[in-house]
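To start, the structure itself, in structure tokens.
The values are calculated or read from the model by the stated rules, or taken from the named source; none is laboratory data. Quantities reported herein were computed from a predicted structural model and do not represent experimental measurements. Cβ atoms come from the backbone with ideal geometry, glycine included; neighbour counts cover every protein chain shown.
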Amino acid sequence: MSTAPAVIGVDASRITVANRTGTENYALHLLRHLLQLPGQHQWRLYFRDAPQPNLLPATTNMQQRVLALPRLWTHAALASALWRDPPAGVFIPAHVRPLFCAVPAVVTVHDLGFRRFPAAHSAAQRLYLNWSTRHNVRHATHLIADSQATQRDLLEYYGATAERVTVVYPGFDAVPFANAQRSARLPGLPANYLLHVGTLQPRKNLLRLMDALAALRAHPSQPALVLAGRSGWLSAPIQQHAAALGLGARIHFLDYVPEADLPALYAHATACVLPSLYEGFGFTVLEAMACGTPVICSTGGSLPEVAGGAALHFEATDTAALVHAITRILEDAPLRAQLAALGAQQLRRFTWEQCAAQTLAVLERAFQLSPAATAR
């Protein structure tokens, strides 16, 4: 194994998008912490668009290369750059390995919900996700799964071997949520509301959440439902279902909520409810816990791993169980306080420092770099 300083390439194309969601935020936060690890490795970041000056920490071990190509960026621009000046390997945290890749590649796989629940995705989405995942499994040197659920799916659906897939949990930055309880309530929201944060799409199982709210129509606390997230594929039936149930005044569609407003949105919610059929990870769970908000979540995908015993769990297809969980939260103040305390403890399992260190270890093994090169 080489002991000389090495260059590790990273596909950083997803961290410069305007409104980052889960996978883009994963790539950004992980890169920030990888760059700050002690060691002699050089990091070469490949961008589609020039990053903002303060997006990443200023370090002496980082090279930035902006590859300006509007179409086929991954399979043409990135592939060509890796061939012309090859690093020891390339890490792809939020996308797909180039069709032609001149160097070893490690790819993070986030979510295989499209295989578990194909009807919750469009045909075009299924085709692309199936191709890209199969391509990654067949050709990547190693895979990182962000949960045990994703690792199991890679083995079951794509024949990946356990030794080629390492589970590395993403980290979580609780700092932006530290003073959430002192945040002013966002204007226009009801006093008692259940909160869901995420793109409006079938996989989120929101029709069932609305059915549960309808079943609680006569509850004395009169809970409302706040849905924060962009409209995704097949979102129209979600809004139509609210009207059909006669819940128009009790359901608030907020669209995308800026990150700066999320702490207040979580902190003033009675509970955060995630009835998802499947989640590759669950940052929403951790955000709610960081704000001291009780969590109710399904057992879909990785949610039991992320929430642990700090949430009320229910089977995603069991409406009665969801109604029961919501009722318990509405009526049991000591339970709400207990879940808030347990959530604060659960957060400690997910740090970006730990994620970065474990990811670097995977990259060093895959690219045959000596771990000794990380010691100054």
Going through the stretch 36-60 in order, the residues found to be surrounded by 18 or more Cβ atoms within 10 Å (Cβ to Cβ) and over 23 Å from Cys101 (Cβ atoms) are Gly39, Leu56
Taking the stated definitions as given, is Phe314 modelled with pLDDT under 95 and of a type outside the set (S, T, N, Q)? no
Scan the stretch 96-105 residue by residue and report those that are surrounded by 16 or more Cβ atoms within 10 Å (Cβ to Cβ) and either in the same structural domain as Ser276 (by TED's automatic domain parsing) or over 18 Å from Asp153 (Cβ atoms) (or both). Arg97, Pro98, Cys101, Ala102, Val103, Pro104, Ala105
Step by step: first the residues of the stretch 82-95, then only those that are crowded, with 21+ Cβ neighbours inside 10 Å and among the hydrophobic types (A, V, I, L, M, F, W, C), then the one that is modelled with the lowest pLDDT. Which residue is that? Ala94
With the structure loaded, tell me whether Ala68 is exposed (fewer than 15 other Cβ atoms within 10 Å of the Cβ), of a type in the set (A, V, I, L, M) and closer than 24 Å to Trp43 by Cα or whether it fails that test. yes
Only one of (1) modelled with pLDDT under 95; (2) assigned to a helix (DSSP H, G or I) does not apply to Gln151, and that is (1)
Counting only residues that are without any contact (Cβ under 8 Å) to a residue 60 or more places away in the chain and within 23 Å of Gly282 (Cβ to Cβ), the stretch 146-161 contains a total of 9
Considering only residues that are in contact (Cβ under 8 Å) with a residue 40 or more places away in the chain and closer than 24 Å to Ala120 by Cβ, which ones fall in the stretch 302-319? Ser302, Glu305, Val306, Ala316, Thr317, Thr319
Kindly list, by first and then second residue, each pair from a residue in the stretch 116-145 that is under 27 Å from Thr317 (Cα atoms) to a residue that is assigned to a helix (DSSP H, G or I) and among the hydrophobic types (A, V, I, L, M, F, W, C), limited to pairs with Cβ atoms under 6 Å and residues at least 6 apart or on different chains. His121/Phe114; Arg126/Phe114; Leu129/Phe114
Would you say Arg126 is touching a Lys or Arg at 6+ places or on another chain (Cβ under 9 Å), surrounded by 17 or more Cβ atoms within 10 Å (Cβ to Cβ), farther than 19 Å from Leu30 by Cβ and not assigned by TED's automatic domain parsing to the domain that holds Ser276? no
For the stretch 228-301, which helices (runs of 4 or more DSSP H) that fit wholly inside it have 1 or more residues that are in contact with a Ser or Thr (Cβ under 9 Å, 6 or more places away or on another chain) and in contact (Cβ under 8 Å) with a residue 60 or more places away in the chain? 262-267, 283-290
Counting only residues that are out of contact with any helix residue (DSSP H, G or I) (no Cβ under 7 Å at 6 or more places or on another chain) and either surrounded by fewer than 18 Cβ atoms within 10 Å (Cβ to Cβ) or not hydrophobic (A, V, I, L, M, F, W, C) (or both), how many does the stretch 131-145 have? 6
Given the criterion surrounded by fewer than 18 Cβ atoms within 10 Å (Cβ to Cβ), in a helix (DSSP H, G or I) and modelled with pLDDT under 95, identify the matching residue among Ala184, Ala119. Ala119
The stretch 84-99, residues that are part of a loop (DSSP other than H, G, I, E, B) and under 23 Å from Leu369 (Cβ atoms): Asp85, Pro86, Pro87, Ala88, Pro93, Ala94, His95, Arg97, Pro98
Given the residues Arg217, Arg203, Arg208, Arg185, which is the only one that is of a type in the set (Lys, Arg) and free of Cβ contacts under 8 Å to residues at least 60 places away in the same chain? Arg217
